[in-house]
1. Look through the stretch 193-217, keep the residues that are in a loop (DSSP other than H, G, I, E, B) and closer than 19 Å to Glu145 by Cα, and return whichever of them is nearest to the chain's Cα centre (by Cα).
2. For the stretch 152-170, enumerate the residues that are in a loop (DSSP other than H, G, I, E, B), of a type in the set (A, V, I, L, M, F, W, C) and more than 13 Å from the chain's Cα centre (by Cα).
3. Which one is most open to solvent (accessible area, probe 1.4 Å), of the residues in the stretch 220-269 that are part of a strand (DSSP E or B), touching a Gly at 6+ places or on another chain (Cβ under 9 Å) and under 12 Å from Ala199 (Cα atoms)?
4. Looking at (1) touching a Lys or Arg at 6+ places or on another chain (Cβ under 9 Å); (2) open to solvent by 10 Å² or more (accessible area, probe 1.4 Å), which is the one condition that is false for Asp45?
5. Which condition number in (1) touching a residue at least 60 places away in the same chain (Cβ under 8 Å); (2) over 26 Å from Ser268 (Cβ atoms); (3) of a type outside the set (Ser, Thr, Tyr) is the one that Val166 fails?
6. Hey, Ile184 hits all of (1) modelled with pLDDT under 95; (2) closer than 18 Å to Ala229 by Cβ; (3) open to solvent by 10 Å² or more (accessible area, probe 1.4 Å) but one; which does it fall short on?
7. Cβ-Cβ under 9 Å, sequence separation 6+ or interchain: first residue in the stretch 51-78 and open to solvent by 10 Å² or more (accessible area, probe 1.4 Å), partner part of a strand (DSSP E or B) and among the small types (Gly, Ala, Ser). Which pairs?
8. Does the stretch 211-223 include one or more residues that are touching a Phe, Trp or Tyr at 6+ places or on another chain (Cβ under 7 Å) and acidic (Asp, Glu)?
Amino acid sequence: MKIKFTKMQAYGNDYVYIFTEGLQVEDYNDLARKISDRHFGVGSDGMVLISYSDVCDFRMRIFNPDGTEAQMCGNALRSTAMYVYEYKLTDKTQFTIETYGGNQNLELFVEDGHVVSVHAAIGSPEFRTHMIPAISEEPRFFEEEKEVIDRTFVMSSISWGNPHTVIEIDDVDSFDVEKYGPAIEHLECFPERTNVTFAQLIDEENIKIREWERGTGETLGCGTGCCSAVVVLNELGKCGRKVSVQQPGGVLNVIWDDENIVHMIGPSNIVYEGEYIYEP
């Protein structure tokens with residue numbers, strides 16, 4: 001079976017995007033495992049399925065490279081918004097996308113007929129420290145100490161439908177993400193496993209992060225990781241509510257408004273188009 005796909009990148013995360021209209025695949029988990037293989041020529045951080053929605057304009061389903069279905073990814077969300085406009089599935093520049101992590105509002109900035117930036121309002125953060133992303137009665141608190149390998153980290157946890165743990169680090173450039181990222185991801189207090197955002201405070205308007213993505217490894221960038229870092233450091237009184245976040249893949253602008261909605265603003269790019277021969 002030939003499946004048309006587009007590989008897109010939004011400041012870090014590169015996913016394979018597939019429009020499912022007319023597509024007949026019985027096992028999307030299997031397809032995700034095969035097309036997302038990082039050693040494959042079009043490999044990526046995972047697979048995103050795009051379809052029309054009964055409750056929003058479009059629906060986005062996101063799959064990890066191991067085939068499991070994920071909740072939401074801010075970078076993937078922005079690329080999905082760009083996809084539906086660039087491939088002429090809509091001519092609107094404001095619309096909603098249904099995700100497993102909730103319904104998201106998007107606004108496109110268009111120049112000369114092409115999307116140059118995407119504004120995604122990803123909703124309100126949910127503060128949970130133990131059973132994220134599952135609903136729990138745990139109290140909201142920050143700066144929980146956890147011993148990992150040979151050092152103690154002070155961590156805060158937050159959920160956007162997908163869980164993130166934020167840890168402030170003095171120097172993220174020299175930090176050994178490959179050593180500590182997977183160990184934190186698999187701590188027993190995170191039964192769903194967690195993404196880990198290592199954040200360095202530059203000043204009140206600038207943060208630098210590196211991201212360990214659960215099930216994938218270190219990524220060039222993570223939109224929800226950027227937002228998580230801003231929210232946590234703001235709650236701790238260390239940064240403002242409008243912050244530029246530096247990550248290896250580029251700078252993402254984050255705004256946490258007075259109505260408790262977090263916005264991420266940044267570009268997305270189409271990097272490859274092709275066909276994949278899928279054999280179940």
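The values are calculated or read from the model by the stated rules, or taken from the named source; none is laboratory data. All values derive from a computational prediction rather than experimental measurement. Virtual Cβ from ideal backbone geometry, glycine too; neighbours counted across all protein chains shown. Surface areas here come from the heavy atoms of the whole protein model, side chains and all, with no ligands, DNA or RNA. Shrake-Rupley method; radii C 1.70, N 1.55, O 1.52, S 1.80 Å.
1. Step one: filter the stretch 193-217 for residues in a loop (DSSP other than H, G, I, E, B), giving 193-194, 204-205, 214-216.
Retained after the next criterion (residues that are closer than 19 Å to Glu145 by Cα): 193-194.
Values: Arg193: 15, Thr194: 12 Å.
If we take residues in the stretch 193-217 being in a loop (DSSP other than H, G, I, E, B) and closer than 19 Å to Glu145 by Cα, then Thr194 is nearest to the chain's Cα centre (by Cα).
2. If we filter the stretch 152-170 for residues that are in a loop (DSSP other than H, G, I, E, B), which is where we start, we get 160-162, 169-170.
Retained after the next criterion (residues that are of a type in the set (A, V, I, L, M, F, W, C)): 160, 169.
Selection gives Ile169 alone.
3. Gln247
4. (2) is the only condition that Asp45 fails.
5. Result: Val166 passes all but (2).
6. Among (1) modelled with pLDDT under 95; (2) closer than 18 Å to Ala229 by Cβ; (3) open to solvent by 10 Å² or more (accessible area, probe 1.4 Å), Ile184 violates only (3).
7. The qualifying pairs are Arg59/Ser51; Arg61/Ser51; Arg61/Ala70; Asn64/Ala70; Gln71/Gly102; Gln71/Ser159.
8. Going through the stretch 211-223, the residues touching a Phe, Trp or Tyr at 6+ places or on another chain (Cβ under 7 Å) turn out to be 218, 221.
Still in the list and also acidic (Asp, Glu): 218.
Looking through the stretch 211-223, at least one residue is touching a Phe, Trp or Tyr at 6+ places or on another chain (Cβ under 7 Å) and acidic (Asp, Glu).
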